[in-house]
Amino acid sequence: MDRNRWLVLPLILALAVGLGYAVLSLPERTDGLQKMVADKMEVSGVSNPVTAVLLNFRGYDTLLEMVVLLLALLGVWSLGGAALHREAAPGPVLDTLARLLVPVLILVAAYLLWVGAHAPGGAFQAGSVLGAAGVLLLLVGWRLRPGLTAWPLRLILVAGPGAFVIMAIFTLLIERQLLEYPPAQAGALILLLETAATLSIGVTLAALFLGERPQDKGSK
Amino acid sequence: MSAAFLYALVGMGLFSLGVYALIVHAHLLRKILAINVMGSGIFLVLVALARRTGEAQPDAVPHAMVITGIVVAISATALALTLMLKLAAETGCAELPDEKRE
Amino acid sequence: MGAEVSDIPWGLVLILLPLMGGMACFLWPRVTTMLGLVTVFGVALSVAGLGWQILENGVYRHAVGGWGAPLGIDLYADGLSLLMLTATALVGLGVSVYSAAYFRREDATRFWPLWLFLLAGLNALFLSADIFNLYVTLELMGLAAVALAALTGGKDALGGAMRYLLAALLGSLAYLLGVALLYHGFGTVDITLLGQRVESGPVLWAALGLMGAGLLLKTAVFPLHFWLPPAHASAPAPVSALLSALVVKASFYILLRLWLSIFGPLVGEEGVDTLLGLLGATAVLWGSVQALRQTRLKLLIAYSTVAQIGYLFLAFPLAAAAGVTAWHAVIYLAFSHALAKAAMFLVAGNLLRFGGHDRIADLDRVVQRLPLTTGAFALAGVSIMGLPPSGGFIGKWLLLEMALAQGRWDLVVVMILGGLLAAGYIFKVLGRAFTQAEVTHKSRAVPACMEWAALLLAIGAVLLGFLAVPVLSVVGIGDPFGVSGVRP
């Protein structure tokens with residue numbers, strides 16, 4: 001392995017120098033698409049440019065990316081998850097922390113989701129905070145009730161990508177382009193999509209952390 | 001040279017560092033971390049150079065690309081970690097099986 | 001009614017339908033096989049619908065969100081996209097019918113949603129005109145492919161899938177950094193606009209290096225093919241067929257698109273095309289020799305993929321003088337290889353099911369016991385070797401003719417040697433199919449639809465040899481090869 005290292009090092013240095021040179025040859029000042037985004041902000045339905053790009057101008061990317069997240073979970077479940085970690089009894093510190101933090105995290109997630117329309121925040125930030133709450137719960141040994149692990153859980157997992165696909169079909173049915181919202185309703189529709197996405201992202205992240213597919217013990 | 005370029009250079013450095021670590025380390029966890037370092041480098045390049053508008057408002061499009069990229073990176077990392085654990089459980093070692101027999 | 005059918009945006013159905021199918025399979029695992037088959041048939045019909053629209057109205061363009069590039073994302077389909085979508089639909093149909101019998105209950109619930117998401121990723125990729133959107137589709141396709149490759153479990157499959165995942169991620173991250181550079185250099189991620197705006201310079205060269213290397217790695221071009229044989233050989237047979245026939249072609253398609261509209265016109269004459277040709281030539285020889293040395297059928301077929309991908313790159317050095325014909329040859333090779341290679345992996349699956357192993361030496365007179373399967377292998381072999389009349393023959397003949405006309409004797413020798421070696425490894429398998437093995441094994445029945453799926457795909461690869469004129473005229477819609485065909 002050591003011989004390998006000395007062979008690779010000069011190549012990597014050359015790569016870094018080349019990439020650095022390319023960066024430095026970029027123009028000092030450029031607007032990119034900033035002007036164009038600013039021009040269309042009024043009809044985008046939100047006032048935070050990043051949210052406007054994510055859910056409106058390039059909403060199609062976001063649709064596909066929600067599918068990628070669901071796909072990762074499908075892949076993990078298909079591998080049978082990784083049930084290596086033992087369930088350690090949570091200490092009193094972790095227990096209290098979870099009790100205090102989980103409600104706060106859920107509130108923070110809701111706030112981030114709401115504020116995303118006009119300030120930094122949005123579905124992904126909110127979803128990750130929700131996911132963190134889920135991880136805390138899993139760490140203290142909380143599990144879904146067996147009755148909920150079959151289709152209720154699956155329904156929440158597909159809610160995000162599903163909402164996007166339904167929205168895509170809806171926009172086509174009202175004779176618009178794919179994911180082209182009517183400007184008057186854009187804000188409300190985006191909030192709807194983001195709410196579904198937040199739920200799905202949060203639950204998917206927690207499920208990815210758990211690894212193995214929760215078994216539906218109720219049916220056995 | 002403005003701060004934007006400095007951060008972008010750091011991003012390129014992180015990317016190169018990630019490629020190096022990916023090649024030289026045998027342990028899969030290090031390889032997966034290396035991939036994540038590469039990704040972070042790219043995100044830094046994307047976000048840093050978006051500041052070149054010369055106004056208070058940076059270009060929002062690369063920011064949105066980074067959020068998309070992060071979600072993809074999380075998904076890929078989750079799948080990679082599970083594969084690694086499965087492979088380790090199967091072979092007793094979290095490294096790629098040797099190719100010398102080929 | 002006719003007017004309404006022609007108004008349906010078939011291109012969008014191609015993306016949304018498999019996404020819905022995948023989610024439905026996830027929600028209702030009990031009926032997963034039926035949902036999967038219905039979805040794949042629907043996708044095949046939609047490709048026909050889109051093809052009809054393109055023949056009637058010319059290229060298809062859809063501004064997602066109504067914004068239009070550069071602010072929004074454009075979907076775009078010309079003759080080249082249509083051909084790739086058709087190949088995907090045909091291979092998808094064959095593999096799906098096969099899989100309906102191949103996977104048992106528990107495995108089916110894992111296979112179908114992953115395959116439908118892979119199909120959505122492939123369709124979205126072939127329809128995208130936006131290099132960042134292409135990155136997302138690449139990842140969608142890549143993660144689905146890795147999860148599918150690991151489906152059998154066990155040391156070999158997990159190791160192969162892990163190596164595959166790392167290579168795929170390295171490739172797509174290099175591609176993404178190239179996207180970042182192009183966006184920050186030229187202010188757009190739309191392929192057409194980039195083609196108008198790019199100028200030669202360090203940014204363009206760095207982007208070419210990054211995206212080129214990333215996509216070459218994903219396409220498994222020699223010497224970046226190391227991940228392909230273990231991943232393709234240890235996956236379940238229908239998955240190997242999808243990976244070899246479609247997934248490697250998808251990254252090649254992006255490379256071809258970028259070359260034609262962004263990089264080729266600017267850097268084509270600076271030796272990059274020679275380098276690509278050199279890699280292709282080495283791949284042809286190396287892959288064929290390795291295939292000849294294998295003792296297991298699936299590894300042999302996987303190495304044959306490495307060799308056949310090499311042929312696709314032989315066209316790059318010839319394109320400068322030959323223009324459109326070189327790309328026609330590439331498209332024909334890609335299409336016929338997709339059908340033939342899918343057929344071969346399905347054959348390997350049948351033999352595995354039949355005898356419980358895929359050791360070439362112990363094939364034991366399968367020609368009498370599985371005549372359809374052996375016939376499928378022979379027909380697919382005809383196309384892989386490039387014998388007339390087959391799709392592979394048309395592609396290789398076009399390449400050979402151009403190399404002769406341009407006096408590229410080195411490439412001529414490579415192609416002839418590659419053909420001879422291919423004949424060697426195909427006949428090595430066929431020969432064993434006629435002989436009696438020393439040890440006889442117990443055998444298991446193979447469902448008829450698994451045999452027919454392989455045979456029909458192989459027949460398709462041969463039939464392509466008769467369809468050159470109509471197929472190439474469809475590919476020309478929208479003039480996808482125009483930009484690099486005309487050099488100042």
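Against the test of being among the hydrophobic types (A, V, I, L, M, F, W, C) and within 19 Å of C:Gly424 (Cα to Cα), the options C:Ala326, C:Ala321, C:Ala307, C:Ala315 yield a single qualifying residue, C:Ala307. The set of residues from region C:65-124 being among the hydrophobic types (A, V, I, L, M, F, W, C), within 15 Å of C:Pro238 (Cβ to Cβ) and away from chain A (no Cβ under 14 Å) comprises C:Leu90, C:Val91, C:Leu93, C:Val95, C:Val97, C:Ala100, C:Ala101.
Within region C:127-138, not a single residue is in a helix (DSSP H, G or I), under 19 Å from the mean Cα position of the chain (by Cα) and more than 16 Å from A:Asp61 (Cβ to Cβ).
Give region C:146-188 a look and list any residue that's among the small types (Gly, Ala, Ser) and away from chain A (no Cβ under 11 Å), or say none. Scanning region C:146-188 gives C:Gly154, C:Gly159, C:Gly160, C:Ala167, C:Ala168, C:Gly171, C:Ser172. Within the bounds of region A:199-220, is there any residue that is within 13 Å of chain C (Cβ to nearest Cβ) and among the hydrophobic types (A, V, I, L, M, F, W, C)? Checked region A:199-220: at least one residue is within 13 Å of chain C (Cβ to nearest Cβ) and among the hydrophobic types (A, V, I, L, M, F, W, C). Taking the criterion of being over 17 Å from C:Leu170 (Cβ atoms), more than 7 Å from every other protein chain (Cβ to nearest Cβ), assigned to a helix (DSSP H, G or I) and not aromatic (Phe, Trp, Tyr), would at least one residue in region B:12-35 satisfy it? No.
Looking across A:Ala83, A:Ala88, A:Ala123, A:Ala110, one residue alone is surrounded by fewer than 18 Cβ atoms within 10 Å (Cβ to Cβ), more than 11 Å from chain C (Cβ to nearest Cβ) and at pLDDT 90 or above. It is A:Ala110. With the requirement that a residue be buried (at least 20 other Cβ atoms within 10 Å of the Cβ) and in a helix (DSSP H, G or I), what does region C:98-107 give you? Once the filter is applied, which keeps residues that are buried (at least 20 other Cβ atoms within 10 Å of the Cβ) and in a helix (DSSP H, G or I), region C:98-107 yields C:Tyr98, C:Ser99, C:Ala100, C:Tyr102. Would region C:398-412 turn up any residue that is farther than 20 Å from C:Tyr332 by Cα, assigned to a loop (DSSP other than H, G, I, E, B) and among the small types (Gly, Ala, Ser)? Checked region C:398-412: at least one residue is farther than 20 Å from C:Tyr332 by Cα, assigned to a loop (DSSP other than H, G, I, E, B) and among the small types (Gly, Ala, Ser). Filtering C:Leu50, C:Leu37, C:Leu19 for residues that are aliphatic (A, V, I, L, M) and within 14 Å of chain A (Cβ to nearest Cβ) leaves a single hit, C:Leu19. If you check C:Ala453, C:Ala423, C:Ala445 for being in a loop (DSSP other than H, G, I, E, B), aliphatic (A, V, I, L, M) and either over 30 Å from C:Leu75 (Cβ atoms) or touching a residue at least 12 places away in the same chain (Cβ under 8 Å) (or both), only one passes: C:Ala445.
With the requirement that a residue be within 17 Å of A:Glu194 (Cα to Cα) and under 16 Å from the mean Cα position of the chain (by Cα), what does region A:118-140 give you? If the condition is that a residue be within 17 Å of A:Glu194 (Cα to Cα) and under 16 Å from the mean Cα position of the chain (by Cα), then A:Pro120, A:Gly121, A:Gly122, A:Ala123, A:Phe124, A:Gln125, A:Ala126, A:Gly127, A:Ser128, A:Val129, A:Leu130, A:Gly131 are the ones that fit. Restricting region C:136-145 to residues that are within 9 Å of chain A (Cβ to nearest Cβ) and more than 13 Å from C:Ala167 (Cα to Cα), which is surrounded by the most Cβ atoms within 10 Å (Cβ to Cβ)? Looking at residues that are within 9 Å of chain A (Cβ to nearest Cβ) and more than 13 Å from C:Ala167 (Cα to Cα), I get C:Val136. When region C:348-370 is filtered for residues that are on the phi > 0 side of the Ramachandran plot and of a type in the set (D, E, K, R), the ones remaining, listed by number, are C:Asp364, C:Arg365. If only residues of region A:177-196 that are in contact with a Phe, Trp or Tyr (Cβ under 9 Å, 6 or more places away or on another chain) and within 10 Å of another protein chain (Cβ to nearest Cβ) are counted, the one that is surrounded by the most Cβ atoms within 10 Å (Cβ to Cβ) is A:Leu179.
Taking the criterion of being more than 9 Å from chain C (Cβ to nearest Cβ), surrounded by fewer than 19 Cβ atoms within 10 Å (Cβ to Cβ) and within 26 Å of B:Phe5 (Cα to Cα), would at least one residue in region A:31-45 satisfy it? Yes, the conditions are met somewhere in region A:31-45.
The helices (runs of 4 or more DSSP H) falling completely within region C:205-258 that include 2 or more residues that are closer than 19 Å to C:Leu127 by Cβ map to C:248-258.
The set of residues in region B:36-66 being of a type in the set (Ser, Thr, Tyr) and at the interface with another protein chain (Cβ under 7 Å from one of its Cβ atoms) consists of B:Thr53 alone.
The values are calculated or read from the model by the stated rules, or taken from the named source; none is laboratory data. Quantities reported herein were computed from a predicted structural model and do not represent experimental measurements. Glycine gets a Cβ as well: all are built from the backbone with ideal geometry, and neighbour counts include every protein chain shown.
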